[in-house]
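None of the figures in this text is laboratory data; all of them are computed from the coordinates on show. What you see is a predicted model; the values in this text were computed from it and never measured. Every residue, glycine among them, receives a Cβ derived from its backbone with ideal geometry; neighbour counts consider all protein chains shown.
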Amino acid sequence: MIKAIIWKELLQYRRDGRVMSVLLITLALGFAAAVNGWSTVETLQRERQSAVQSDRDTWDNQGKKNPHTAAHFSRYAFQPTSNLAVFDPGLKDFMGSAIWLEAHYRDPATLRAVEDAVEIQRFARLTPAWILQVFAPLLAILLAFAGIAAERERGTLRQVMSSGVSPQHLFVGKAIAALCIIALLAPSVIAAVALAANTQDEMGLPGAGLRLAGIVLAYAIYIGAFTFAAIGISARVAKSKTALVILVGFWAASVVFIPRLATDVGSTLSPAPEATDFEARLSSESSSPFWGSSEAAQQRRADIETEVLAQYGVDNIADLPINYDGYLLQESEEFANGVFDRMYDELWGAYEDQADIVRLFSLVSPTLALSNISSALAGSDMQAHRHFADSAELFRRDFVRILNEEMIENGGEDGYGYMSDNDFWQQNPDFDYQPPTAGDVLSNVWADILILLAWAFLAYQLASRSVRFSFKQEAMA
Amino acid sequence: MSSTNSNENGRMAILQTINLRKTFGEVVALEGLNIAVKPGETLCLLGANGAGKTTTINLFLGFLEPTSGEALVNGRNVAMAPVETKQDIAYIPEQVALYPSLTGLENLRFFAALAGHDKYSDAELYTCIDRAGLGKAQADRPVAGYSKGMRQKIGIAIALAKQAKAFLLDEPLSGLDPSAANEFAVLANQLREDGAAILIATHDIFRATELASTIGIMKAGRLVEELDPKSVHSIEIEAIYLNHMRDNHVRVSAGEAA
């Protein structure tokens with residue numbers, strides 16, 4: 001019986017020019033998005049590989065230089081791009097992919113990128129994920145808005161009921177048929193995955209298969225929720241046109257207006273500091289209290305001197321077996337690192353609060369919940385960027401410590417006049433980024449997963465109950 | 001066709017009601033209805049709007065649950081087995097509703113499949129359509145361009161494909177042109193001769209006398225008269241019917257005056 005309903009629905013869809021037009025347009029957009037995504041990711045990966053090599057070569061061959069001067073000559077940490085970014089680049093394009101690694105300094109490029117993220121989310125981009133998030137629900141609505149209402153309007157519902165069809169059979173048959181049509185968008189997704197697979201996976205995203213499966217499942221649940229809701233509304237209202245108006249209104253709210261509103265409310269209720277202010281504060285709070293001429297700064301340096309002299313059992317700096325300038329530089333790094341940790345925790349906290357506020361809005365917009373899950377699993381969300389930025393910062397600290405230790409151990413009396421050469425530079429390690437596991441990512445988006453599942457469950461209940469309701473109404477007619 | 005003995009002549013009634021009662025709140029739609037339609041019989045229910053004809057059909061279809069009493073299809077209580085009893089029933093309303101973008105053949109295939117007959121070949125389905133009086137070329141056209149009579153024929157073809165034992169026809173001739181109505185009457189008589197049990201709800205006394213083996217006159221939810229058109233002249237049937245309707249009218253008028 002369900003098979004017959006599916007067959008009939010598919011036949012009707014095939015003969016409906018509107019459905020085929022929207023399907024073909026969406027499919028074409030999906031393919032274009034897949035190619036665009038692949039091209040972007042491949043370019044990013046190629047450029048990164050080139051930049052990584054160039055950075056290494058420049059570092060290795062910088063010649064004779066004081067280690068601290070080299071620490072200011074600096075290096076870069078380049079963020080690798082996940083292959084899954086072909087499907088969903090998330091906020092990647094807007095968060096910057098390189099972090100400047102320098103002594104006494106945590107690159108505020110991180111700040112600018114994340115600060116931009118709130119505004120960024122307002123922009124539509126031609127990516128397979130965006131196409132599916134925006135157009136797949138619209139297609140679901142187009143397919144299902146008349147599902148029950150039109151049957152009632154033309155009288156076939158009564159005819160179908162007289163054939164012994166149960167409400168559940170009719171609902172399931174119509175839902176499966178609509179989902180079969182939406183599944184025809186899969187080739188564009190498959191194209192994105194195939195192109196991604198063809199791209200060298202420079203990130204080596206842990207659990208890539210699991211992440212991909214999670215993405216497919218999340219989109220299936222999302223599209224299912226819209227399909228069920230469309231059938232439910234269609235069964236609940238008297239006219240199919242009314243159902244269409246309600247559903248398109250819900251789509252516009254969920255896909256367009258609520259995400260914009262959510263980011264606006266988020267940034268208003270939990271404002272992040274201005275980039276220039278933050279940078280100025282970062283610089284002054286990490287430097288002046290240590291290197292400044294204030295009494296406290298002088299006392300801090302005096303205490304360090306007293307401590308190190310006591311440690312080595314000597315009376316003056318000239319008798320130390322180490323280079324004191326290098327030691328003081330490392331002490332200043334440790335001091336600044338504490339300031340960076342405190343200030344960046346505040347900053348990320350503000351963004352976390354914004355994300356939580358946006359997440360609240362996903363209670364009225366499943367698109368927001370899906371978007372969070374999708375970009376998280378693709379390794380292109382804010383958390384992925386934070387993970388990279390934190391890893392780069394840890395590397396920066398090690399990188400600067402190694403340079404300071406070179407000066408401490410080998411600088412002797414030369415201090416800032418001590419020179420290291422290419423043999424030393426070439427021994428310095430590279431930044432080897434290890435992305436978070438799929439499990440870590442899922443733990444970040446569990447609330448979004450629950451919200452999306454709740455949407456699907458409620459939409460299913462709405463459809464199931466509404467179709468039963470429409471049968472009762474029709475029987476009484 | 002009397003209601004009380006459904007096994008008269010050794011044949012079980014396909015459509016039967018036993019003390020069937022249906023109320024909607026304070027309104028009594030059916031009161032103690034007892035009818036039985038056996039294979040090869042046609043019962044035409046005549047009556048004014050609100051007499052209970054369509055309610056009777058809806059109870060056989062399982063669309064409504066009886067307040068008391070039973071509606072039986074092929075011996076099974078509809079309220080107990082609403083899905084199974086529908087397998088034996090073909091329902092043809094005044095307007096046979098079909099899917100306009102599908103051809104007649106595709107509509108037939110769909111509704112036959114819903115009834116569990118999903119193995120028919122095209123040839124077998126065309127045979128049903130042919131028996132219903134429609135040509136192959138017409139069957140291959142989308143039903144959006146069908147006349148009401150053509151839709152009725154697809155309705156009959158669906159019933160044939162379902163191998164229905166009982167037909168519930170709700171005002172099937174209303175709005176048909178005389179030629180189409182004649183064709184339909186011939187088909188209905190053919191179905192009856194082939195052994196179908198047919199229940200027709202209609203206002204049309206002329207067609208009722210032509211089609212029925214028994215005419216039942218309903219008034220205010222009750223079966224007030226059972227007539228055999230073979231033994232009672234059509235003019236007399238008309239007079240009896242109009243007399244009942246006049247009583248009804250007088251009573252309604254009196255009620256309104258009160």
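Assorted remarks:
- When you count the other C-beta atoms within 10 angstrom of each residue and take the mean per peptide, A:404-412, A:133-141 line up highest first as A:133-141, A:404-412.
- Among the DSSP helices (H) of chain B, none spans at least 18 angstrom by Cα along its long axis with an average Kyte-Doolittle hydropathy of 1.0 or more; this is a geometric and hydropathy rule only.
- About the centre of its Cα atoms, segment B:96-164 shows a dipole size close to 220 debye [charges on the beta carbon of Lys, Arg (+1) and Asp, Glu (-1) only; nearest 20 debye].
- Averaged over B:107-113, number of beta-carbon atoms from partner chains that fall within 10 Å: 5
- Relative contact order (%) - chain B, alpha-carbon pairs under 8 angstrom, separation at least six: 25
- Local charge for A:Q383 was computed over the other residues whose Cβ lies under 13 Å away, with Lys and Arg +1 and Asp and Glu -1, and equals -3.
- Relative contact order of segment B:96-164: 47 percent, from C-alpha pairs under 8 Å at least 6 residues apart in sequence.
- Ranking B:L160, A:L320, B:I205 by how far each Cα lies toward the positive end of the dipole of the protein assembly as shown (charges on Cβ) leaves B:I205 at the top.
- Between helix A:366-377 and chain A there is an angle of about 40 degrees, using the helix long axis and the longest principal axis of the Cα atoms.
- 10 Å Cβ neighbours from other chains, averaged over peptide B:227-236: 0
- Under 12 Å from a label point set 7 Å out along the Cα-to-Cβ vector of A:V216, the amide N atoms of segment A:172-191 belong to A:186-187, A:189-191.
- Amide H contacts for A:Y76 (H built 1.01 Å from N in the peptide plane; partners 5 or more residues away or on another chain; cut-off under 5 Å): A:L101.
- Think of the protein assembly as shown as a dipole: +1 on every Lys or Arg Cβ, -1 on every Asp or Glu Cβ, centred on the Cα centre; then among A:G415, B:L43, A:V256, B:L43 lies furthest on the positive end.
- Other protein chain C-beta atoms within 10 Å of residue C-beta, averaged over A:162-173: 5.
- For segment B:96-164, the C-alpha radius of gyration sits at 0.94 times the compact-globule guess of 2.2 N^0.38 Å, with N the residue count.
- For segment A:204-329, alpha-carbon Rg relative to the globular expectation (2.2 N^0.38 Å, N residues): 2.27
- A cut-off of 5 Å between modelled amide H atoms, ignoring neighbours fewer than 5 places along the same chain, links B:E225 with B:I217.
- Packing, taken as the mean count of other beta carbons within 10 Å per residue, orders the peptides A:438-449, A:264-275 from highest to lowest as A:438-449, A:264-275.
- In a reduced charge model with +1 at each Lys and Arg Cβ and -1 at each Asp and Glu Cβ, chain B shows a dipole moment near 320 debye about its Cα centre.
- Principal-axis analysis of the Cα atoms of chain A puts helix A:17-60 at an angle of about 10° to the longest axis.
- Volume per residue for segment B:1-132 equals 140 cubic angstrom (convex hull of Cα atoms).
- Taking label positions 7 Å along the Cα-Cβ direction at both A:E352 and A:F469, the computed distance is 4.2 nm, reported to one decimal.
- When each of the peptides A:218-229, A:160-171 is scored by how many other beta carbons lie within 10 Å of its residues on average, the order from highest to lowest is A:218-229, A:160-171.
- Selection from A:A447, A:L44, A:L170 lying farthest towards where the dipole of chain A points positive, charges on Cβ: A:L170
- Rounded to 0.05, the FRET efficiency of the A:R18 and B:T127 pair, given R0 = 41 Å and the Cβ-Cβ distance, is 0.70.
- Charging the Cβ of each Asp and Glu at -1 and of each Lys and Arg at +1, and nothing else, the dipole of the protein assembly as shown about its Cα centre rounds to 5700 debye.
- Residue-averaged 222 nm ellipticity for chain A, from DSSP H runs of 4+ at -39500 (n - 2.57), nearest 500: -24500 deg cm²/dmol
- Per-selection metrics, the protein assembly as shown (Cα): Rg and Dmax in Å: 39.9, 139
- Under Karplus coefficients 6.51, -1.76 and 1.60, residue-wise ³J(HN,Hα) of segment B:221-226 in Hz, glycine/proline x: x, 10, 8, 9, 7, 10
- Proximity of backbone amide H atoms, modeled 1.01 Å from N, is registered between B:L45 and B:I200, B:A201, B:T202, B:G216 at under 5 Å, excluding neighbours fewer than 5 places apart on the same chain.
- Relative to the longest principal axis of the Cα atoms of chain A, the long axis of helix A:382-410 lies at roughly 10 degrees.
- Net lengthening on full extension, A:A447/A:E334 (0.36 nm per residue, minus Cα-Cα): 37.0 nm
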